[in-house]
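A.B. asks: Pasting in a structure now, in structure tokens, and then I'll have a few things to ask.
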Amino acid sequence: MMSGKVFSCHKISEGVGEGEVIVSKDRIMFYLVKPESGEVFEKAHDIEGRSVAKKALVFPGGKGSSVVQIDGLYQLMTRQNQPAAMIIQDAETVLVASAIIMEIPMVDKVDPKFYEIVKDGDRVRVDANNSTITILD
């Protein structure tokens, strides 16, 4: 555990989010996430059966059409089950616009060492405004 370790990143959507890390190796289609619980129900997905609600979501990027991405995130947000922050590798326009509109802190271009160290269950603080991610405990 590297508590207190700070990593540089690039701000996409401003804000500060703190939460437990959930790491997905697969791209996420937010339309296949239950709005009531934040649970991913896409079959054979890396994090199928797990909730992204109020989590610091570490993932490669989104998938699916722009409508399903925006609507999926919006449905989560209306029930307060959106991610606390998004740490993304491939920030495509639709997810970027969605994060900005829904005020979900989003960062990319993260120090590669972060990906070597971070794991499910770690707590992080994503401070997009100052372009930092801190592993809390």
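The values are calculated or read from the model by the stated rules, or taken from the named source; none is laboratory data. Since the structure is predicted, the reported quantities are computational estimates derived from the model, not experimental observations. Here the Cβ is made from the backbone with ideal geometry for all residues, glycine too, and neighbour counts use every protein chain on show.
A.B. asks: Quick one: which of Ser66, Ser98 is of a type in the set (Ser, Thr, Tyr), modelled with pLDDT under 95 and surrounded by fewer than 18 Cβ atoms within 10 Å (Cβ to Cβ)?
C.D. replies: On the way: Ser98 fails: surrounded by fewer than 18 Cβ atoms within 10 Å (Cβ to Cβ).
Result of the check over Ser66, Ser98: Ser66.
A.B. asks: Considering each of Met77, Met106 in turn, give the residue that is without any contact (Cβ under 8 Å) to a residue 60 or more places away in the chain, closer than 15 Å to Gly17 by Cβ and among the aliphatic types (A, V, I, L, M).
C.D. replies: Met77
A.B. asks: So, in region 108-137, of the ones that are touching a Lys or Arg at 6+ places or on another chain (Cβ under 6 Å) and within 27 Å of Ile70 (Cα to Cα), which residue ends up surrounded by the fewest Cβ atoms within 10 Å (Cβ to Cβ)? Spell out how you get there, then give the answer.
C.D. replies: Pass one, region 108-137, residues touching a Lys or Arg at 6+ places or on another chain (Cβ under 6 Å): 128, 131, 134-137.
From the residues that got through so far, the ones that are within 27 Å of Ile70 (Cα to Cα) too are 128, 131.
On the way: Ala128: 24, Ser131: 15.
So, considering only residues that are touching a Lys or Arg at 6+ places or on another chain (Cβ under 6 Å) and within 27 Å of Ile70 (Cα to Cα), the one surrounded by the fewest Cβ atoms within 10 Å (Cβ to Cβ) is Ser131.
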